[in-house]
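A quick write-up on the structure given underneath.
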């Protein structure tokens, strides 16, 4: 079979990738720029790490990053549990009462505009506080609940699609040999779908770490997350520290993606 | 065993428990909130905390009155600003989706037709921006498109232009931002669809005398219909309610409904109006969401 790509397709791919990567590259390059003007390259004094030091000494950003980290870790762990249960249920139980609603509820958060999700969750928290006194005020708890609600939808999709390619005979064999369903899940199913669960955790972490809109609605005084601080800074204009933050974020993401891919390639070849 | 029998007597099975937890969670934190928003959209605005009046009120000793206030909706339909924001959001989302398709389709096609390591590397390159903060990637465009930004500096030093172009805070900047941010959302489902394509069909068509573009138009395009629809929905639906991109790149008169909702809520503290905007936006988007879901279930049914 002729696998060579036509000139047209190659051009489109290269231009498309350039479109995706030029903005990212420009942030990386200008993070080493000495000038405060950000986009004017100060050749005599650059490259420099001065904005890296200045970012690491910025209390406001560090505090916000710490809050974001806490929310993201709790969110990722919680939504992995909920999303795995949901994805497993959708894949294994072809028929149960309310399956249609359940399916709709797990797909809708993927496409729901964030302003709607954020506003409605805040209204819920306010109403709950009036009614039962919990959650008292807004902060890390309410933000985490909000993040889990949309993150679990992504985990569900990932786990569900992994379950679709999974040989059900393995589970049945284990049960025929006398394993209880719970044991079968932990001994057979979970190890096999583990790569999906891991990517679900990472995706849930990133979604939460990056979220601005839903956090803004559901956070309270003193619990500004990193994107909220970045947004208020960016609204006032570009800042060299944000370029540094972007560079650190991108390198971390790239590193984790490469590591996970390497890990999964190994996992698959062992299987 | 005993435990099992006990649970079964109450009609609770192991299966039920698996689904129950996420089910209840979503009912409580995803469905009920909409009911509350609907309720608040019918309330009067109030100078209190929270800034709306209850719907149910005791009038007299034993009479509970329900007061539905349609003013918020009437207000949205009479003030042209809101109508304009709605139509503009749909227009912007639609045009952005078309551009995403034009750029993304050949890319998804190229990735699906490449093989082995090349394909994996290309996929990683598409996924990487998808995993990096949207806010930071949108921010990058401010630096590129500013009056003294990278694009203007390069064009001026090459002598192509002599005055800096005004790009930032224009509709153009907003379109670039939306297409840029949502492109991976279109490429990935489209790739997943094209990957399953039987390319021998194309060869057969060409053997039978089809020109390559004819074969594409008659075979590839119709067969990738579900991928195109799914990807387009993933761009269109969230783009209609987009807030961050118009707020950062679009300038003060980029009227998008997500931004109007945000301002009503955060600047005007008009919770009932913001709720009414959310409800109208939801009514507008629900048909598309249902369409998306049916396309998705068709796709996964085809995969099995």
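Observations, loosely collected:
- Residues of the range B:81-116 satisfying the condition of being closer than 20 Å to residue A:18 by Cα and without any contact (Cβ under 8 Å) to a residue 40 or more places away in the chain: B:98, B:102, B:106, B:110, B:114
- The one condition in (1) closer than 26 Å to residue B:142 by Cβ; (2) free of Cβ contacts under 8 Å to residues at least 60 places away in the same chain that residue A:259 fails to fulfil: (1)
- For the range B:110-124, a residue qualifies if it is surrounded by fewer than 17 Cβ atoms within 10 Å (Cβ to Cβ) and facing chain A (nearest Cβ under 7 Å), and the qualifying residues are B:115, B:124.
- For the range A:2-9, the criterion of being within 24 Å of residue B:130 (Cβ to Cβ), within 11 Å of another protein chain (Cβ to nearest Cβ) and part of a helix (DSSP H, G or I) is met by at least one residue.
- Some residue of the range A:213-234 being at the interface with another protein chain (Cβ under 8 Å from one of its Cβ atoms) and at pLDDT below 90: yes
- Candidate set: the range A:93-103, residues that are under 14 Å from residue A:160 (Cα atoms) and facing chain B (nearest Cβ under 8 Å); chosen: the one surrounded by the most Cβ atoms within 10 Å (Cβ to Cβ): A:102
- In the set A:69, A:15, only one residue is within 13 Å of chain B (Cβ to nearest Cβ) and either closer than 30 Å to residue A:158 by Cα or touching a helix residue (DSSP H, G or I) at 6+ places or on another chain (Cβ under 6 Å) (or both); that residue is A:15.
- Helices (runs of 4 or more DSSP H) (entirely within the range B:172-249) containing at least 1 residues that are within 19 Å of residue B:123 (Cβ to Cβ): B:225-240
- Hits in the range A:105-149 (condition: at pLDDT below 95 and more than 23 Å from residue B:50 (Cβ to Cβ)): A:105, A:106, A:107, A:108, A:109, A:110, A:111
- Taken residue by residue, the range A:126-144 has no member that is under 30 Å from residue B:287 (Cβ atoms) and either surrounded by fewer than 16 Cβ atoms within 10 Å (Cβ to Cβ) or more than 9 Å from every other protein chain (Cβ to nearest Cβ) (or both).
- One residue stands out among those in the range A:152-177 that are modelled with pLDDT under 85 and outside any helix (DSSP H, G or I): the one that is surrounded by the fewest Cβ atoms within 10 Å (Cβ to Cβ), which is A:167.
- Residues located in the range B:32-45, provided they are under 23 Å from the mean Cα position of the chain (by Cα) and within 7 Å of chain A (Cβ to nearest Cβ): B:32, B:33, B:34, B:36, B:37
- Unmet criterion (only one of (1) more than 10 Å from chain A (Cβ to nearest Cβ); (2) in a helix (DSSP H, G or I)) for residue B:166: (2)
- With respect to the stated conditions, residue A:109 fails to be within 8 Å of chain B (Cβ to nearest Cβ), buried (at least 24 other Cβ atoms within 10 Å of the Cβ) and under 23 Å from residue B:261 (Cα atoms).
- Taken as a whole, the range B:40-58 holds no residue that is exposed (fewer than 13 other Cβ atoms within 10 Å of the Cβ) and in a helix (DSSP H, G or I).
- Within the range B:79-90, being surrounded by fewer than 19 Cβ atoms within 10 Å (Cβ to Cβ) and under 14 Å from the mean Cα position of the chain (by Cα) holds for one residue alone: B:90.
- Across the range B:14-31, the qualifying residues are those that are under 22 Å from the mean Cα position of the chain (by Cα) and surrounded by fewer than 17 Cβ atoms within 10 Å (Cβ to Cβ), and the one among them that is farthest from residue A:102 (Cα to Cα) is B:31.
- Scan of the range B:267-298 for residues that are at pLDDT 90 or above, more than 18 Å from the chain's Cα centre (by Cα) and facing chain A (nearest Cβ under 10 Å), ordered by number: B:274, B:275
The values are calculated or read from the model by the stated rules, or taken from the named source; none is laboratory data. This one's a predicted model, so the numbers in the text were calculated from it and none came from an experiment. Note: ideal-geometry Cβ built from the backbone for every residue, glycine included; neighbour counts use all protein chains shown.
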